[in-house]
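A.B. asks: Before we start, here is the structure in question, set down as structure tokens.
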Amino acid sequence: MQKISPMLWFDDQAEAAADHYISVFSKRPGQNRGDSKILDISRYGEAGPGPMGSVMVVRFQLEGQEFTALNGGAQPFAFSEAISFVITCENQEEVDYFWAALSRGGEEGPCGWLKDRFGLSWQVVPKELEEMLNNPDQQKAQRAMKAMLGMKKLDLPELQRAFSGEPMEPKLAARRP
């Protein structure tokens, strides 16, 4: 068990959410299926507050990172963008896969952010973007930043073009504010 792990509060969808996330991370090409799995499930007993036998806590892992999901019942708070999970992708294929799988039933946001169908925020980012933004050549870094700010799902070839100073593809240039 890792020392620090995220706890996610759901009204009553903890198990469904854990199953969904495991499915998303297990189906991506090249994934070691054993790295994403349910670790254990606790159920409510006579003391409640949930119905006896119903799922209380699901402990699961995604690519080795442990998470805990709680069915805590309806509360006056919900997930927000103040907390998100970043998926660092090796290439555009991974960006496309995670973007499609997690945004389905959810909501696309700007700059690689999305909310999944449970309202949890994710950032789907090609690892090369961090290298671009941290490049000592600030002109290159700022061109990549400007390109990123005009995107929803991040487009690595377009980010690479902007970084190198090449013109954007016409389809993206037309969408720019």
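Rule-based calculations on the coordinates, nothing more; no lab input. Every value quoted in this text rests on a predicted model; they were computed, and no experiment measured them. Neighbour counts are summed over all protein chains in view; Cβ atoms, including those assigned to glycine, are modelled from backbone coordinates with ideal geometry.
A.B. asks: For ARG161, ARG43, what's the fewest-to-most ordering of other Cβ within 10 Å of each Cβ?
C.D. replies: Neighbour counts put them in this order, fewest first: ARG43, ARG161.
A.B. asks: On to the next question. Normalising by the residue count of segment 66-142, find the relative contact order in percent from Cα pairs under 8 Å and 6+ residues apart.
C.D. replies: Rounded, it is 30 percent for segment 66-142.
A.B. asks: Continuing with this model, one more query. Let's test this: bin the Cα-Cα distances of segment 84-175 at 10 Å from zero up to the farthest pair and state each bin's percent.
C.D. replies: 18, 48, 28, 5
A.B. asks: Please list 3J(HN,Hα) in residue order for segment 150-164, calculated via the Karplus relation 6.51 cos²θ - 1.76 cosθ + 1.60 where θ = phi - 60°; whole Hz, with x for glycine and proline.
C.D. replies: These are the phi-based 3J(HN,Hα) values: x, 10, 9, 5, 6, 10, 4, x, 6, 5, 5, 4, 4, 4, 7 Hz.
A.B. asks: Express the relative contact order of segment 18-70 as a whole percentage, based on alpha carbon pairs under 8 Å and six or more residues apart in sequence.
C.D. replies: Relative contact order for segment 18-70 comes out at 32 percent.
A.B. asks: Net charge near PHE67: determine it from the other residues with C-beta under 15 Å of the C-beta of PHE67, scoring Lys and Arg +1 and Asp and Glu -1. Walk me through the numbers on the way to the answer.
C.D. replies: Details: positive: LYS3, LYS37, ARG59; negative: GLU15, ASP19, ASP35, ASP40, GLU63, GLU66, ASP116.
Surrounding charge for PHE67 is -4.
A.B. asks: Could you put VAL124, VAL86, VAL57 in order, starting from the residue whose Cβ has the fewest other Cβ atoms within 10 Å?
C.D. replies: Listed from fewest to most nearby Cβ atoms, that is VAL86, VAL57, VAL124.
A.B. asks: List every residue whose amide H lies under 5 Å from the amide H of LEU39, counting only residues 5 or more places away in sequence or on a different chain, with H placed 1.01 Å from N in the peptide plane.
C.D. replies: Under 5 Å from the amide H of LEU39: ARG59, PHE60, GLN61.
A.B. asks: Here's something else I'd like to know. Using θ = phi - 60° and the Karplus curve 6.51 cos²θ - 1.76 cosθ + 1.60, what whole-Hz ³J(HN,Hα) does each residue of segment 117-127 get, with Gly and Pro shown as x?
C.D. replies: With the stated coefficients, segment 117-127 comes to 5, 9, x, 7, 8, 10, 10, 10, 10, x, 4 Hz.
A.B. asks: Spin-label point model (7 Å from Cα, Cβ direction): what's the GLN2 to LYS127 distance in nm?
C.D. replies: My value for the distance between the label points is 1.6 nm.
A.B. asks: Can you sort THR68, THR88 so the residue with the fewest Cβ neighbours within 10 Å comes first?
C.D. replies: The fewest-first ordering by Cβ neighbours comes to THR88, THR68.
A.B. asks: Name the most mobile residue of ALA100, ALA74, ALA18, meaning the one with the largest mean-square fluctuation, in a Gaussian network model of the chain with Cα contacts below 10 Å.
C.D. replies: ALA74
A.B. asks: Continuing with this model, one more query. At a threshold of 8 angstrom on Cα-Cα distance, excluding pairs fewer than six apart, so keeping six or more, what relative contact order does the chain reach in percent?
C.D. replies: Relative contact order, the chain: 17 percent.
A.B. asks: For segment 55-60, just list the computed ³J(HN,Hα) in residue order, Karplus coefficients 6.51, -1.76 and 1.60, θ = phi - 60°, integers in Hz, with x standing in for Gly and Pro.
C.D. replies: For segment 55-60, the Karplus curve yields 5, 9, 9, 10, 9, 9 Hz.
A.B. asks: Can you give me the angle between helix 14-27 and the longest principal axis of the chain, using Cα atoms only, in degrees from 0 to 90, rounded to the nearest 10?
C.D. replies: It works out to around 40 degrees.
A.B. asks: Working only with C-alpha atoms, what are the Rg and Dmax values of the chain, expressed in angstrom?
C.D. replies: Calculated on Cα positions, Rg and Dmax stand at 19.0, 65 Å.
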